[in-house]
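*Asks:* I'd like to ask some things about the structure below.
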Amino acid sequence: MDITTRPTLQQFLADTKQGPYVSLYLSWPDNTPVEELRIRFKNMMKHVKAVMGETYPKTDFAPYAAELEPYEQDPMFWQACETNGIGVLTNGAQTYVTPMYENVDEVAMVTELPQILPLVLDEATATDFDILALNADSIKLYHNRGHQVKAVTLPDDAPQTLTGTLGTEIRGGELNSVPQGGGHVTYHGHNDKSAEKASDQRRFYQAVDQYLVAHYSNPNKMPLVLMGLAENVAVFREISKNHHLLPKLAVMKSPATLDFVELDDLLAPIRETLRDRRRQRFAAIIEKARSNDSYTEELTTIVTAALRGQLAMLFVQAGARIHARLDGEQIEHESKVAQHANLLNTLADIVLGRGGQVVVLPEEQLPAKVGAIMRYA
């Protein structure tokens with residue numbers, strides 16, 4: 001089974017109007033045996049089949065099984081998963097499958113609407129950025145997603161080495177001789193040669209900068225982090241015109257002999273800093289909304305405003321659940337469907353469907369289970 005052939009989340013949510021939905025989320029530590037993953041997934045399928053029989057007794061589970069079983073039965077699907085887990089959403093007719101880049105709590109639910117909060121949380125905690133590894137005469141490009149880093153294979157026309165980029169225009173190679181006439185030859189001194197090498201490096205870095213801006217940073221809108229010796233990082237910062245280059249974050253370490261394990265460890269502080277910056281930004285947004293009376297944590301107010309398309313942003317506490325469903329604009333707690341549901345997820349579906357934004361924050365930043373900013377104060 002190939003994840004890339006399945007619909008995007010936006011397509012899935014737009015095309016699937018009829019539930020109930022089965023939502024499965026599964027994560028695992030590194031080197032978990034494939035057979036163990038398949039057994040866990042199969043047990044999750046058994047659980048949702050039982051829940052569907054209890055909460056939606058008139059719904060046939062066979063179409064859901066037909067959508068899910070090919071994943072459980074295909075060992076290659078699990079072997080190909082290079083992330084920390086997967087998320088699977090299906091209504092028995094269409095299925096959305098996505099890799100999960102951060103650890104996720106195991107979820108196996110049957111609900112009126114698909115459980116998308118784990119996806120929102122994955123997006124909130126994952127960090128996407130490019131890493132430019134600088135040597136004086138060569139570069140490499142990496143991409144970080146979540147807490148995984150992979151090398152980017154640059155095309156042949158990319159400026160990857162100083163000699164390959166400058167060619168015959170290199171000035172700082174072997175000592176240059178200058179004929180003076182009468183058989184006399186003058187050689188550049190070391191100071192001249194050092195200056196020419198520095199000029200070559202700057203011209204090489206300028207070519208790299210221009211290429212990355214045109215082919216990666218601007219098209220992908222991806223932050224760029226530098227890695228290299230302090231002197232090389234300083235030179236690149238001085239010449240760079242890349243607005244996506246992060247000004248105060250860098251890995252001051254020569255990339256010449258790094259392996260992926262060392263690189264991953266060195267990037268951990270960068271990831272956490274970017275997460276902190278994101279949380280601080282949303283904390284400032286909430287405080288500003290409080291000051292102009294456009295923020296509320298009153299659940300009934302949030303429900304009404306969400307249904308009327310009046311919410312600009314919905315904030316949900318990570319891991320929080322409210323066992324309830326909506327009956328019109330009323331919150332219903334008692335039915336079996338309600339007891340298996342999470343009202344916070346329903347609100348997230350509604351807000352996204354009406355053009356709002358959903359943000360998942362840790363409990364220390366959002367003590368209430370839910371909060372919202374109105375479109376108008």
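*Asks:* Looking at K58 and the list (1) under 26 Å from the mean Cα position of the chain (by Cα); (2) at pLDDT 90 or above; (3) assigned to a loop (DSSP other than H, G, I, E, B), which single condition is not satisfied?
*Replies:* So K58 meets the others, but not (1).
*Asks:* Any residue in the stretch 330-348 that is within 17 Å of A372 (Cα to Cα), among the small types (G, A, S), surrounded by 20 or more Cβ atoms within 10 Å (Cβ to Cβ) and touching a strand residue (DSSP E or B) at 6+ places or on another chain (Cβ under 8 Å)?
*Replies:* Within the stretch 330-348 (the criterion being within 17 Å of A372 (Cα to Cα), among the small types (G, A, S), surrounded by 20 or more Cβ atoms within 10 Å (Cβ to Cβ) and touching a strand residue (DSSP E or B) at 6+ places or on another chain (Cβ under 8 Å)), the answer is yes, since at least one residue qualifies.
*Asks:* Can you name every one of the strands (runs of 3 or more DSSP E) wholly within the stretch 88-173 that holds 2 or more residues which are surrounded by fewer than 19 Cβ atoms within 10 Å (Cβ to Cβ)?
*Replies:* Values: elements: 95-100, 107-111, 128-134, 139-145, 148-152.
Counting at least 2 such residues, we get 139-145, 148-152.
*Asks:* Restricting to the stretch 351-365, and then to whatever is touching a residue at least 60 places away in the same chain (Cβ under 8 Å) and either in contact with a His (Cβ under 9 Å, 6 or more places away or on another chain) or crowded, with 17+ Cβ neighbours inside 10 Å (or both), can you tell me which residue is farthest from E297 (Cα to Cα)?
*Replies:* Narrowing the stretch 351-365 to residues touching a residue at least 60 places away in the same chain (Cβ under 8 Å): 352-353, 358-362, 365.
Checking the rest, the ones that are also either in contact with a His (Cβ under 9 Å, 6 or more places away or on another chain) or crowded, with 17+ Cβ neighbours inside 10 Å (or both) come to 352, 358-361.
Working: L352: 18, V358: 14, V359: 14, V360: 14, L361: 14 Å.
So the residue we want is L352.
*Asks:* Only one of these is among the hydrophobic types (A, V, I, L, M, F, W, C), open to solvent by 40 Å² or more (accessible area, probe 1.4 Å) and either touching a residue at least 60 places away in the same chain (Cβ under 8 Å) or within 25 Å of D122 (Cβ to Cβ) (or both): A284, A306. Name it.
*Replies:* Working: A306 fails: open to solvent by 40 Å² or more (accessible area, probe 1.4 Å).
Going through A284, A306 in turn, the sole match is A284.
*Asks:* Can you name every residue in the stretch 221-236 that is at pLDDT 90 or above and open to solvent by less than 70 Å² (accessible area, probe 1.4 Å)?
*Replies:* The answer is P223, L224, V225, L226, M227, G228, A230, N232, V233, A234, V235, F236.
*Asks:* Something else now. Can you pull out every residue in the stretch 210-219 that is open to solvent by 60 Å² or more (accessible area, probe 1.4 Å) and touching a residue at least 24 places away in the same chain (Cβ under 8 Å)?
*Replies:* Q210, H215, N218
*Asks:* Considering (1) open to solvent by less than 70 Å² (accessible area, probe 1.4 Å); (2) within 20 Å of the chain's Cα centre (by Cα); (3) among the basic types (K, R), say which one R277 fails and leave the rest.
*Replies:* Failed condition: (1).
The values are calculated or read from the model by the stated rules, or taken from the named source; none is laboratory data. Small disclaimer: the values here were computed from a predicted structure and weren't measured. Quick reminder, even Gly has a Cβ in these numbers, built from the backbone with ideal geometry, and neighbours come from all protein chains shown. Calculation scope for accessible area: heavy atoms of the full protein, side chains included, ligands and nucleic acids excluded. Shrake-Rupley method; radii C 1.70, N 1.55, O 1.52, S 1.80 Å.
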